[in-house]
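Undergrad: The structure under discussion is supplied below as structure tokens; questions concerning it will follow.
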Amino acid sequence: MKVLVLVDGEHYPPVTRWGIEAVRTMGHEVVAALFVGGTEKVSGMPELGVPTITSEDAVVGLREALASVQPEAVLDLSDEPILGYRERMGLVGVTLVAGVPYLGSDFRFDPPYASGRLTVPTVAVIGTGKRTGKTAVAGQVARVAAAHGHSPVVVAMGRGGPSDPQVAPAGSVTVESLLELEASGHHAASDYLEDSLTTGVTTVGARRVGGGLAGAPFASNVGEAARAAVDEGAGLVVLEGSGSAIPAVPWDSGILVVPASVPPEYLGGYLGPYRLLRSDLVVFTMAAGPSFRTENLSELLSHVQRWKPDARFVVTDLEPVPMGDVRGRTVFLATTAPPIDTPRQVSRLQDNHGCRVVGHSSALSDRARLTADLEAAPGFEVLLTELKAAAVDVACRYAIDRGSQVVFMDNRPVAAGGGDVDGSIEWALELATERKANG
């Protein structure tokens with residue numbers, strides 16, 4: 001391969017030249033060296049026998065070197081302290097965004113495998129991990145896209161997705177259809193079903209297993225699902241990631257969903273910069289409540305400015321919205337919100353939707369605890385539940401067996417402290433459309 005080597009001034013130049021020769025003995029062609037810093041063992045630019053590029057900022061230098069010499073791989077011959085853990089992972093992210101592998105003495109990072117580009121504009125909604133609000137944001141993207149005539153289809157990749165891509169036509173997901181699906185042995189709370197339920201648009205379900213540091217699934221059928229979405233007549237495809245895994249399908253614009261309470265290192269360290277670099281819009285979620293800290297958000301924003309200064313961002317909270325009328329009814333709430341945040345959900349539902357919440361559970365991902373919470377609750381007229389985890393096989397069946405009505409609940413991003421959620425999404429949609437039109 002044609003490789004760009006990274007070198008530093010903590011190595012004596014003869015040792016660096018020896019390392020470059022070792023690279024050649026492995027069959028690689030060294031097209032250039034990028035000097036990433038360090039002056040302990042060099043005075044000025046060392047003579048390395050290959051064209052040497054220097055820059056005051058290693059990130060800037062690497063971007064320029066990737067564009068100018070167009071290597072087939074980057075091979076790192078540097079070391080700590082010049083490239084510490086965070087700095088090196090940042091360079092890995094820059095390299096992967098360019099579609100180039102990043103190699104070292106005991107590691108290798110490859111760009112996440114991507115199937116061919118779709119024939120329609122494509123927007124990806126990815127996240128820093130699980131429970132970030134990706135489904136809520138992807139749902140809002142779909143609703144805004146539909147309102148502007150884009151004819152969207154959502155492709156949702158999940159650990160509980162179907163073995164073959166499964167289409168959920170608009171309007172097809174109901175309590176009854178979900179119970180039938182669960183009775184037949186299928187996962188009835190997969191994200192594509194929630195997307196269809198809450199958005200009113202057609203969705204396609206896909207599955208994945210595993211997730212690499214850069215977000216590549218070990219195996220996934222999301223490419224096949226994305227092509228099925230186009231076959232369904234999509235004018236625009238919304239790709240929804242799973243946890244920190246990203247869809248292995250190229251996209252035209254990217255939206256990164258980040259909880260405002262996430263450790264800043266998740267965004268500025270590890271391969272957080274890679275996810276930032278692949279995104280155009282950053283949506284901070286859950287920016288309110290007892291777990292929210294303004295100083296944490298400030299640090300997260302500094303990472304956005306460092307790695308993707310031209311990205312737009314919007315700060316949001318998630319607003320619980322019943323999918324049916326619960327006014328004047330007694331309600332049991334089943335949610336995935338942390339227990340510390342559940343009282344705030346209860347208050348909003350009672351204030352905004354006129355119901356009386358007589359019991360609640362934050363245990364939708366814990367079937368035993370959810371059952372115990374339901375059994376301990378007083379009688380209720382309505383089960384109000386998110387479509388997650390044990391919602392169908394435990395909560396819905398419990399409620400129906402006792403004569404209660406089931407109403408599903410959506411969580412929708414609303415601006416917190418300024419910003420325009422729908423306007424920011426419209427911008428990302430227009431960007432995808434423009435990029436697709438321009439090739």
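Undergrad: Out of all the residues in the range 98-117, is one or more β-branched (Val, Ile, Thr), over 22 Å from the mean Cα position of the chain (by Cα) and assigned to a loop (DSSP other than H, G, I, E, B)?
TA: For the range 98-117, residues β-branched (Val, Ile, Thr), over 22 Å from the mean Cα position of the chain (by Cα) and assigned to a loop (DSSP other than H, G, I, E, B): absent.
Undergrad: Which number in (1) closer than 16 Å to Met157 by Cβ; (2) more than 12 Å from the chain's Cα centre (by Cα); (3) of a type outside the set (A, V, I, L, M, F, W, C) marks the one condition that Gly241 misses?
TA: Gly241 satisfies every listed condition except (2).
Undergrad: Filter the helices (runs of 4 or more DSSP H) completely within the range 324-439 down to those with at least 3 residues that are in the same structural domain as Ala188 (by TED's automatic domain parsing).
TA: In the range 324-439, 421-437 are the helices (runs of 4 or more DSSP H) which contain 3 or more residues that are in the same structural domain as Ala188 (by TED's automatic domain parsing).
Undergrad: Let me ask something else about it. Looking at Leu236, Leu281 in this structure, which one is of a type outside the set (Ser, Thr, Tyr) and under 15 Å from the mean Cα position of the chain (by Cα)?
TA: Checking each option against the conditions leaves just Leu281.
Undergrad: Could you give me the residue pairs with C-beta distances under 7 Å whose first residue belongs to the range 364-383 and is among the basic types (Lys, Arg), whose second residue is surrounded by 15 or more Cβ atoms within 10 Å (Cβ to Cβ) and outside any helix (DSSP H, G or I) wherever it lies, and which are 6+ apart or on separate chains?
TA: Within 7 Å, the pairs are Arg369/Ala363.
Undergrad: Let me ask something else. Show the residue pairs that are 6+ apart or on different chains and have beta-carbon atoms under 7 Å apart, the first residue being within the range 254-270 and under 19 Å from Gly417 (Cβ atoms), the second being outside any helix (DSSP H, G or I) and among the aromatic types (Phe, Trp, Tyr).
TA: Final answer for the pair search is Val258/Phe284; Ala260/Phe284; Ala260/Phe292; Ser261/Phe292.
Let's see how each residue does on (1) without any contact (Cβ under 8 Å) to a residue 12 or more places away in the chain; (2) within 20 Å of Arg306 (Cβ to Cβ); (3) of a type in the set (Asp, Glu):
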site	(1), (2), (3)
Thr16	no, no, no
Val31	no, no, no
Phe35	no, no, no
Thr54	no, no, no
Glu64	yes, yes, yes
Ser68	no, no, no
Ile82	no, yes, no
Arg86	no, yes, no
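Undergrad: Still on this structure: Which ranges mark the helices (runs of 4 or more DSSP H) fully within the range 118-218 that have 3 or more residues being buried (at least 24 other Cβ atoms within 10 Å of the Cβ) and not acidic (Asp, Glu)?
TA: 134-147, 191-199
Undergrad: Go through the range 68-91 residue by residue and tally those that are surrounded by fewer than 17 Cβ atoms within 10 Å (Cβ to Cβ) and touching a strand residue (DSSP E or B) at 6+ places or on another chain (Cβ under 7 Å).
TA: Total satisfying the criteria: 2.
Undergrad: Check off (1) touching a residue at least 12 places away in the same chain (Cβ under 8 Å); (2) within 31 Å of the chain's Cα centre (by Cα) for Ala399 and give me the number that stays unchecked.
TA: (2)
Undergrad: Another question, then. Mind listing just one residue for me: the one in the range 1-14 that is free of Cβ contacts under 8 Å to residues at least 60 places away in the same chain and either part of a helix (DSSP H, G or I) or hydrophobic (A, V, I, L, M, F, W, C) (or both) and, of those, farthest from Glu56 (Cα to Cα)?
TA: In this case the residue turns out to be Pro14.
The values are calculated or read from the model by the stated rules, or taken from the named source; none is laboratory data. Predicted model only: the values in this text are computed from it and were never measured. We place every Cβ from the backbone using ideal geometry, glycine too, and count neighbours over all the protein chains shown.
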